[in-house]
Amino acid sequence: MKLRLSILLLLCMKIGFTQSTSQVYTVTGKVVDNAGEVIPFATVALKQNISDSLLSGVSTDFEGKYSITTKQTDVYLEISFLGYETLLYKNLKFDKPVLTIENLKLEENSKMMEEVQIVAEKSSTEFKLDKRVFNVGKDLTNSGASALEVLNNVPSVNVDIEGGVTLRGTSGVQILINGKPSVLSEEALGTITADMISQVEVITNPSAKYEAEGSSGILNIILKKNEKKGINGSVSVNTGYPANHSVGVSINRRGEKFNIFSQLGAGYKSLPRDNENINKNLVTNTELYSEGTNFRNEQFFNFVLGTDYYLTKNDMITLSGSIAYEKESNPTETNYTFTNASGEVEKEWTRTEETDATNPKFQYELKYNKDFKDNKEHDLSLSFIGNYFGKDQTSMFGNTVTLGTDDLGNQKTATEFSESRNTINLDYTKPFKKNFTLETGVQYTLNNVSNTYEVQDEIAGVYVTDAGLTNTFEYNQNVFGLYGTGAYEKGKWGVKLGVRAEHTDLSTYLVNTDESNEQNFINLFPSLHTSYKLTDRVSFQAGYSRRIYRPRLWDLNPFFNISDNFNIRTGNPNLLSEYTDSYEVGSIFIFEKTSFNFNIYDRYTTQVVERISVFEDGVNTYTPSNLGTRNTTGAELNFKYSPNKVFTLNGDANYNIFVRKGTYENQNFDFTGDQWQTKMTGKFKVNKKLDFQVSGNYQSRVKTVQGITSGNIFSDLGFSYKFQGGKAVLNASVRDVFASRYRETVVDQDDFYLYSYGQRGRFITLGFSYGFGKGEAMQYSGGRRR
């Protein structure tokens, strides 16, 4: 009897247990913070009430959502995320198969944040052979700063209030992401936050690893690997006077294996320029004076879309592309006055121009990157980058004579232009043991251009093609590069030696006149860099590299620009490349409130490209030519001083002496000159929300091969106001506050005198940006991209 009861009891227990475990329950919901913002990648754990043992766990997705299943009902949820208090949710009532908990709110762990700030690692700068490396510390990553704010903390780098980046006071800085160009423009850097950045490399004298084409410097932003940031993005609206209106949207969604980023922008801007010119014939004592205003009005639209995908933890593929479309109109009116040898006004007329153009642009990039497990510096990368630019342009030129004989006819021009540029890069880095690293790689760049230009003159009411000014120009340049570098570092000292070989195949062809020019040559570009770290705050660096400047398309293109047919610019298809040997010795000193960098440099350049003025029949023609050598020796100082949290002063000063030697058409152009420029920028943090910035610039006059370029002084100012926890930003700026920035040149020769003056004037801009998700408000300036 007892045996039967026992068996019956066991069967009942088994049936009851089977029934209790056969039901599967699902718990779903969303995890948010105090502000209601979702928290991606928070940990949601399911634990037993009695033993607190872990049953299962998941992470929230990009939208802060989670879903977890259980067969047990005596359980609770434990939700945790770095920087927040752990939340225990114990009133789980399973009265239906799916239990939905709308919002699980996590509170910030203020104590933890205070402790982090106390022990926070400060950002620091160190020399690494051929570069300076700015290590991003927790003092920036905890502040929620954007990539632009990180760059502004890097010594020698300055970011103005509109997001413009300069290196040693010079613009035109090449910005790389993880060592490669990116379709992400500077405007999109606002969607990269400081805690995504590991380092910023500052390269002022590039080693053989980088292409030998000269540049003003490189900033390479190294992102942390597998950074999980969820959704971040920004919307920006701008307006200004003269007209400068734009709207930009940027979104970046980052996950554990899959990232996607996009940018959309549109706008309209107008760039007026006042011009004044004097062409004086010193032989006949006649003078042509002209003054007027031209406008470059532009509507633009652009779209960027890209994705990163992690094949494995150490293998990533990036595919991205951009499309842009521009519509230009350039209305111009210029008044001319001709004075004869007696000082009498003999003729006056007005020349008008109406130019319209459309510019389609495309860009793509496909990149593969592999990190090997044996060493974090051991990696392989392969990239394909392509660009296309087109232009379809027509111009109408009219002349209205108000004094004198009417012997000036109307003209019109037409341009069909297309350019494609494709680059393949393969780079491999391999550390050997602890002290030695080898880098090697190849690069192949193909650049193909076709430009058809037609000029028509109005004769008896009919437009007739001017065969002498009409042609099709074809330009093809292919450059193959191969490099290898070896670096040895031990203790405080290091040395890096490298060499790059580049084969250039350049051809130009004028179809209508059957004129061709071929250049085929191989160059070696050695580099040598060394550094010594005296202390954590004092380091020294020295470097040498050989560089090349290959003439640009418009330097070679022989077509005339007849906007002003008395001051004509044209190219030279026979132009040769410049070569520069660059030497540099530098030091960096970092103190609690001050950091400064002092450099001495020497650059010797051969086959220097200069624009020479040739004066004939009252017409000045600017043509680039190779003109001897230039040796430049200079010193540079840049510093950053932050006495407190309210005020920061950035300064850059550069002085050099140069020696020019050369002849042109039996005329000697040997001379010695000097120049200097300086920039000071003061930034005031009025409070946590309001920043104010003012900068002053001075550029000295400088002697040129035929005359003088005047110096000038100008100032910019702006402010930035952040609200809604830094998500919203209001910006305003005034460029050239006193309208004192201009370009003035004088060419004074034995038989002619030329004066040229140009000024754009004061620009006022106002912008509003709003960042959503985990993004910072970006500053989309809508600047011209070509």
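Taking the stretch 31-60 as the range and being touching a Gly at 6+ places or on another chain (Cβ under 8 Å) and more than 17 Å from residue 88 (Cβ to Cβ) as the test, the residues that pass are 35, 37, 38, 40, 41. Taken over the stretch 559-582, the residue count meeting the criterion of being open to solvent by 70 Å² or more (accessible area, probe 1.4 Å) and not in a strand (DSSP E or B) is 3. Applying the condition of being in a strand (DSSP E or B) and among the β-branched types (Val, Ile, Thr) to the stretch 471-524 and asking which residue is surrounded by the fewest Cβ atoms within 10 Å (Cβ to Cβ) yields 522.
Among the residues of the stretch 304-313, those identified as surrounded by fewer than 15 Cβ atoms within 10 Å (Cβ to Cβ) and either on the phi > 0 side of the Ramachandran plot or in contact (Cβ under 8 Å) with a residue 12 or more places away in the chain (or both) are 307, 309, 313. Does the stretch 646-657 include one or more residues that are surrounded by fewer than 16 Cβ atoms within 10 Å (Cβ to Cβ), farther than 28 Å from residue 706 by Cβ, β-branched (Val, Ile, Thr) and in contact (Cβ under 8 Å) with a residue 12 or more places away in the chain? Yes, the stretch 646-657 contains at least one residue that is surrounded by fewer than 16 Cβ atoms within 10 Å (Cβ to Cβ), farther than 28 Å from residue 706 by Cβ, β-branched (Val, Ile, Thr) and in contact (Cβ under 8 Å) with a residue 12 or more places away in the chain. Looking only at the stretch 77-90, residues that are out of contact with any Leu (no Cβ under 6 Å at 6 or more places or on another chain) and either among the polar types (S, T, N, Q) or open to solvent by less than 50 Å² (accessible area, probe 1.4 Å) (or both) come to 4 in all.
Selection over the stretch 747-769 of residues that are part of a loop (DSSP other than H, G, I, E, B), touching a residue at least 40 places away in the same chain (Cβ under 8 Å), of a type outside the set (Gly, Ala, Ser) and within 13 Å of residue 270 (Cα to Cα) gives a count of 1.
Residues that are buried (at least 16 other Cβ atoms within 10 Å of the Cβ) and of a type in the set (A, V, I, L, M, F, W, C) were ranked within the stretch 736-750; the one that is farthest from residue 696 (Cα to Cα) is 747.
The condition of being of a type in the set (A, V, I, L, M, F, W, C), over 27 Å from the mean Cα position of the chain (by Cα) and open to solvent by 30 Å² or more (accessible area, probe 1.4 Å) does not hold for residue 585. From the list 614, 608, the one residue that fits, being open to solvent by less than 30 Å² (accessible area, probe 1.4 Å), under 25 Å from residue 756 (Cα atoms), free of Cβ contacts under 8 Å to residues at least 60 places away in the same chain and among the β-branched types (Val, Ile, Thr), is 608.
Based on this model, can you work out whether residue 392 counts as surrounded by fewer than 16 Cβ atoms within 10 Å (Cβ to Cβ) and either outside any strand (DSSP E or B) or aliphatic (A, V, I, L, M) (or both)?
When the stated conditions are applied, residue 392 does not pass them.
Looking only at the stretch 25-71, which residues are open to solvent by less than 70 Å² (accessible area, probe 1.4 Å), of a type in the set (A, V, I, L, M) and not in a strand (DSSP E or B)? 39, 42, listed by residue number.
Residues of the stretch 607-645 that are in a strand (DSSP E or B), within 29 Å of the chain's Cα centre (by Cα) and of a type outside the set (Lys, Arg): 609, 610, 624, 632, 633, 634, 635, 636, 637, 638, 639, 641.
Scanning the stretch 658-673 for residues that are among the charged types (D, E, K, R), in a strand (DSSP E or B) and open to solvent by 70 Å² or more (accessible area, probe 1.4 Å) turns up just one, 661.
Look at the stretch 496-519: where a residue is closer than 20 Å to residue 474 by Cα and a partner is among the aromatic types (Phe, Trp, Tyr) and open to solvent by less than 30 Å² (accessible area, probe 1.4 Å), sitting 6+ places away or on another chain with Cβ atoms under 9 Å, you get 506/475; 507/475; 508/473; 508/475; 509/473; 509/475; 510/473; 511/473.
The values are calculated or read from the model by the stated rules, or taken from the named source; none is laboratory data. Note that the coordinates shown come from a computational prediction; the quantities given were computed from them, not determined experimentally. No Cβ is skipped: glycine too gets one built from the backbone with ideal geometry, and neighbour counts run over all protein chains shown. For accessibility, only protein heavy atoms count, side chains too; no ligands or nucleic acids. Shrake-Rupley method; radii C 1.70, N 1.55, O 1.52, S 1.80 Å.
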